1. Can you tell me which residue in the stretch 300-316 is farthest from the ligand (Cβ to nearest atom), limited to those that are part of a loop (DSSP other than H, G, I, E, B) and open to solvent by 10 Å² or more (accessible area, probe 1.4 Å)?
2. Being buried (at least 20 other Cβ atoms within 10 Å of the Cβ), out of contact with any Cys (no Cβ under 9 Å at 6 or more places or on another chain) and in a strand (DSSP E or B): is that true of Tyr95 here?
3. Check Gln156 against each of (1) surrounded by fewer than 20 Cβ atoms within 10 Å (Cβ to Cβ); (2) within 16 Å of the ligand (Cβ to nearest atom); (3) among the polar types (S, T, N, Q) and name the one condition it does not meet.
4. Taking the condition of being open to solvent by less than 30 Å² (accessible area, probe 1.4 Å) and either within 16 Å of the ligand (Cβ to nearest atom) or touching a helix residue (DSSP H, G or I) at 6+ places or on another chain (Cβ under 6 Å) (or both), how many residues in the stretch 73-92 meet it?
5. Of the residues Gly130, Gly150, which single one is more than 23 Å from Tyr233 (Cβ to Cβ) and either surrounded by 15 or more Cβ atoms within 10 Å (Cβ to Cβ) or at pLDDT below 95 (or both)?
6. Does any residue in the stretch 249-262 that is at negative phi come within less than 6 Å, Cβ to Cβ, of a residue that is of a type in the set (Lys, Arg) and crowded, with 17+ Cβ neighbours inside 10 Å six or more places away or on a different chain, and which pairs are these?
7. Name the single residue that is nearest to the ligand (Cβ to nearest atom) among those in the stretch 38-72 being in contact (Cβ under 8 Å) with a residue 24 or more places away in the chain and of a type in the set (Val, Ile, Thr).
8. Which one of these is touching a helix residue (DSSP H, G or I) at 6+ places or on another chain (Cβ under 9 Å), touching a residue at least 40 places away in the same chain (Cβ under 8 Å) and either within 12 Å of Tyr95 (Cα to Cα) or of a type outside the set (D, E, K, R) (or both): Pro123, Pro136, Pro117, Pro127?
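The values are calculated or read from the model by the stated rules, or taken from the named source; none is laboratory data. No experiment lies behind these values; they were computed from the predicted model shown. Using ideal geometry, Cβ is built from the backbone for each residue, glycine included, and neighbour counts are taken over all protein chains shown. For the accessible areas, the whole protein counts, side chains as well, though only heavy atoms, and no ligand, DNA or RNA atoms are used. Shrake-Rupley method; radii C 1.70, N 1.55, O 1.52, S 1.80 Å.
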Amino acid sequence: MKASRYLFPSDYMADPSAHVFEDKIYIYPSHDWESGIPENDNGDHFNMRDYHVFSMNDPEAEVVDHGVALSTDDIPWAGRQLWDSDVAYKDGKYYMYFPLKDQNDIFRMGVAVSDRPEGPFVPQANPMKGSYSIDPCVFEDNGAYYMYFGGIWGGQLQFYRDNKLTPPCELPHFHEPALCPKIVKLQDNMLEFAEAPRDVLLLDEEGNPLKQGDTERRFFEASWVHKYGGKYYFSYSTGDTHLLCYAIGDNPYGPFTYQGVIMTPVVGWTTHHSILEFKNKWYLFYHDAVPSGGKTWLRSMKMVELEYDEQGLIKTIAGQ
Ligand code: FUB
């Protein structure tokens, strides 16, 4: 197993979404800071206010900080908490998708646009219509762009049924199918949904939906999708059991069948990642809270090489 590498020791950055743009690696993390808000299950202590963008010429190169690319000060509908973002490129423009609570404390998804991968990104005046919850991952396939999203507890996914805010906002029972992450195709202009979000079904080896009580396998947050060997790999965090897992499917909508663990728990509560191919090697970008002495809200971004076996299964990486 290759050694992991901290990418930016001089500040706390989490949830790194990595992409290759203009032959370089660009990284879009959340920007953790010490806001003094006490830790709770609602994630109030993740009180981020801006995003920096980073780039590197190759996986061993120096990491360049391009500075603040978007801040809540620039977003007209901003309430609080800029969580995990992602960026997609189309027709000469870069689109940053970000979850942010509005002034009613409801997470919505915003879009901000730039001519450059490092930004600055200019936000649209309003959140995307019909958007909710957190952790957007935008994946391009055959010229179509899809957003995967969702996260339970602080990410508010449990508030919704059939894409509607539905009190009393409870989780399914232990033996019921787990709440699903969502997928939605984007319009050609990249600024709105082209359809109603659909469930991403995660199945066990017998073809049954994973159950809410199956906490070591069911979805919690942090969707990511990549393609390997013609198959679609949907990866995610199990949240309170702190695993990064993956499931494989035959098309972007799924269903996806559970395969195993990508990474065992790291130091810190959250586990969040992205997966990138660069010059025929694969890399996992993630974070841990070792440098802050285990403060769950002060995380540091890292990368490590990721390997597959001959069947295309991902070799599990030890988080610690
Ligand atoms: O960084 C805030 C939240 O913590 C992210 O949106 C989640 O995925 C978790 O990493």
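1. If we filter the stretch 300-316 for residues that are part of a loop (DSSP other than H, G, I, E, B), which is where we start, we get 307, 309-313, 315-316.
From the residues that got through so far, the ones that are open to solvent by 10 Å² or more (accessible area, probe 1.4 Å) too are 307, 309-311, 313, 315-316.
Details: Glu307: 24, Asp309: 27, Glu310: 32, Gln311: 29, Leu313: 24, Lys315: 23, Thr316: 20 Å.
Among those that are part of a loop (DSSP other than H, G, I, E, B) and open to solvent by 10 Å² or more (accessible area, probe 1.4 Å), it is Glu310.
2. Against the criterion (buried (at least 20 other Cβ atoms within 10 Å of the Cβ), out of contact with any Cys (no Cβ under 9 Å at 6 or more places or on another chain) and in a strand (DSSP E or B)), Tyr95 qualifies.
3. Gln156 satisfies every listed condition except (1).
4. Pass one, the stretch 73-92, residues open to solvent by less than 30 Å² (accessible area, probe 1.4 Å): 75, 77-78, 81-88.
When the remaining residues are screened for being either within 16 Å of the ligand (Cβ to nearest atom) or touching a helix residue (DSSP H, G or I) at 6+ places or on another chain (Cβ under 6 Å) (or both), the result is 78, 81-87.
So the answer is 8.
5. On the way: Gly150 fails: more than 23 Å from Tyr233 (Cβ to Cβ).
Sole residue among the options that is more than 23 Å from Tyr233 (Cβ to Cβ) and either surrounded by 15 or more Cβ atoms within 10 Å (Cβ to Cβ) or at pLDDT below 95 (or both): Gly130.
6. Tyr258/Arg217
7. So the residue we want is Thr72.
8. Working: Pro136 fails: touching a helix residue (DSSP H, G or I) at 6+ places or on another chain (Cβ under 9 Å); Pro117 fails: touching a helix residue (DSSP H, G or I) at 6+ places or on another chain (Cβ under 9 Å); Pro127 fails: touching a helix residue (DSSP H, G or I) at 6+ places or on another chain (Cβ under 9 Å).
Going through Pro123, Pro136, Pro117, Pro127 in turn, the sole match is Pro123.
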